[in-house]
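Undergrad: The structure is given below, and queries will be raised subsequently.
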Amino acid sequence: MLRYILKRFAIMAVTLWIIVTLTFVLMITIPGSPLNEERGTNEVVQENLKAHYNLDEPYYIQYMLYLKSIVTLDFGPSIKQPTETVNDLLGRGFPVSFELGMVTILVAVISGILLGILAALRHNGIIDYLAMSIAVLGISIPNFVLATLFIQSFAVFLGILPAATWASPRHMILPVLALATGPMAIIARLTRSTMIEVLTQDYIKMARAKGLSPWKIVVKHALKNSLMPVVTIMGTLLAGILTGTFVIEKIYAIPGMGKYFIESINQRDYPVIMGTTVFYSAFLIFTLFLVDIAYGILDPRIKMHKKGGE
């Protein structure tokens, strides 16, 4: 296991380096400059600003400074908000995005598993058809479309929920629903199909013969094996949820990382673009690593072998 973890950390480091390099290359190849808005100032001020942000250095020097900032976890000041550092912006925005993402994952997993179990236990019944209809709609409609529909329905038409901002638990309901519906639908369909298969196994038939109730059979015997495929796709779902928060945060005016990331792209704020990309990528890569470890823990049949079957 230790050898596998060290190998994965090496792969994670290489992956992060590739992302960092591609971000830098894309950033310097896009026409324009983050100081375009300062054209009205004189040449001396322009040169001083370039020197302050190291924009007058050759690209390879900028790249090395970029790597140094990553290693030292100090991304420097924002160009468009000189009184704020990138670390300050990340420290303010990440907790909000993390809270939104984690609540979304919790809602998606719990509701998706429950919906899938109900559909499997009532296979080919009304509950099954209703649950799968909800799942199909959840998969088919993008979360940004759902977000606007929820605002129109619950905030504008009914007036029972706030349309935007991030001030109370009530403000979380609409963005969480918009983000959780798609993953919930995927988990529900996968849980249903796996649960139907598991319920036909011999050990389940034995449990039924002993007179155990359907829910006890599900919870004590069938649930763990039914969740293995769900754990397998959790990495992809996490990526979808965490990337989706950027769009949803913009729609609902949530002060998370998405706000700073989108604003930094529009304003060509290089330090914020780089800092947000690196921080987000590192967090996502590490989360996928934890999902892989959890999968191995849940299924004892999975072993970390050396190459060549040693």
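The values are calculated or read from the model by the stated rules, or taken from the named source; none is laboratory data. Computed from a prediction, not measured in an experiment: that's the story for all the values here. Here Cβ is always computed from backbone atoms with ideal geometry, including for glycine, and neighbour counts include all displayed protein chains. To get the accessible areas, we keep the full protein, side chains included, count just its heavy atoms, and leave off ligands, DNA and RNA. Shrake-Rupley method; radii C 1.70, N 1.55, O 1.52, S 1.80 Å.
Undergrad: Considering only the stretch 246-262, state which residues are at negative phi and either open to solvent by 50 Å² or more (accessible area, probe 1.4 Å) or among the β-branched types (V, I, T) (or both).
TA: Matches in the stretch 246-262: V247, I248, K250, I251, I254, K259, I262.
Undergrad: Among the numbered criteria (1) closer than 28 Å to L149 by Cα; (2) surrounded by 15 or more Cβ atoms within 10 Å (Cβ to Cβ); (3) at pLDDT below 80, which one does T243 miss?
TA: (2)
Undergrad: Considering the stretch 138-189 alone, what residues qualify as being over 21 Å from the mean Cα position of the chain (by Cα) and either open to solvent by 70 Å² or more (accessible area, probe 1.4 Å) or on the phi > 0 side of the Ramachandran plot (or both)?
TA: L149, Q152, V156, F157, L158, G159, I160, A167, R170 - these are the residues of the stretch 138-189 that are over 21 Å from the mean Cα position of the chain (by Cα) and either open to solvent by 70 Å² or more (accessible area, probe 1.4 Å) or on the phi > 0 side of the Ramachandran plot (or both).
Undergrad: Give the residue, chosen from S133, S97, that is open to solvent by 30 Å² or more (accessible area, probe 1.4 Å) and either at pLDDT 90 or above or in a helix (DSSP H, G or I) (or both).
TA: The match here is S133.
Undergrad: With the condition kept exactly as written, say whether any residue in the stretch 64-83 is within 14 Å of A185 (Cβ to Cβ) and in contact (Cβ under 8 Å) with a residue 40 or more places away in the chain.
TA: So far as the stretch 64-83 goes, no, none of its residues is within 14 Å of A185 (Cβ to Cβ) and in contact (Cβ under 8 Å) with a residue 40 or more places away in the chain.
Undergrad: Only residues that are free of Cβ contacts under 8 Å to residues at least 24 places away in the same chain and in contact with a Leu (Cβ under 8 Å, 6 or more places away or on another chain): list them for the stretch 172-216, please.
TA: Hit for the stretch 172-216 is I173, nothing else.
Undergrad: So A120 clears everything in (1) farther than 29 Å from N266 by Cα; (2) surrounded by fewer than 19 Cβ atoms within 10 Å (Cβ to Cβ) except one condition, right? Which one?
TA: Going through the list (1) farther than 29 Å from N266 by Cα; (2) surrounded by fewer than 19 Cβ atoms within 10 Å (Cβ to Cβ), A120 breaks only (2).
Undergrad: Quick one: count up the residues across the stretch 111-130 that are in contact (Cβ under 8 Å) with a residue 24 or more places away in the chain and part of a helix (DSSP H, G or I).
TA: Summing the residues that are in contact (Cβ under 8 Å) with a residue 24 or more places away in the chain and part of a helix (DSSP H, G or I) in the stretch 111-130 gives 10.
Undergrad: Taking the stretch 190-220 as the region of interest, how many residues are among the polar types (S, T, N, Q), within 24 Å of M132 (Cα to Cα) and outside any helix (DSSP H, G or I)?
TA: Filtering the stretch 190-220 down to residues among the polar types (S, T, N, Q) leaves 191, 193-194, 200-201, 213.
Checking which are within 24 Å of M132 (Cα to Cα) leaves us with 191, 193-194, 200-201.
Retained after the next criterion (residues that are outside any helix (DSSP H, G or I)): 200-201.
Counting residues in the stretch 190-220 that are among the polar types (S, T, N, Q), within 24 Å of M132 (Cα to Cα) and outside any helix (DSSP H, G or I) gives 2.
Undergrad: Another question, then. Give me the residue from the stretch 221-268 that is among the hydroxyl-bearing types (S, T, Y) and assigned to a helix (DSSP H, G or I) and, out of that set, farthest from I79 (Cα to Cα).
TA: Here the residue is S226.
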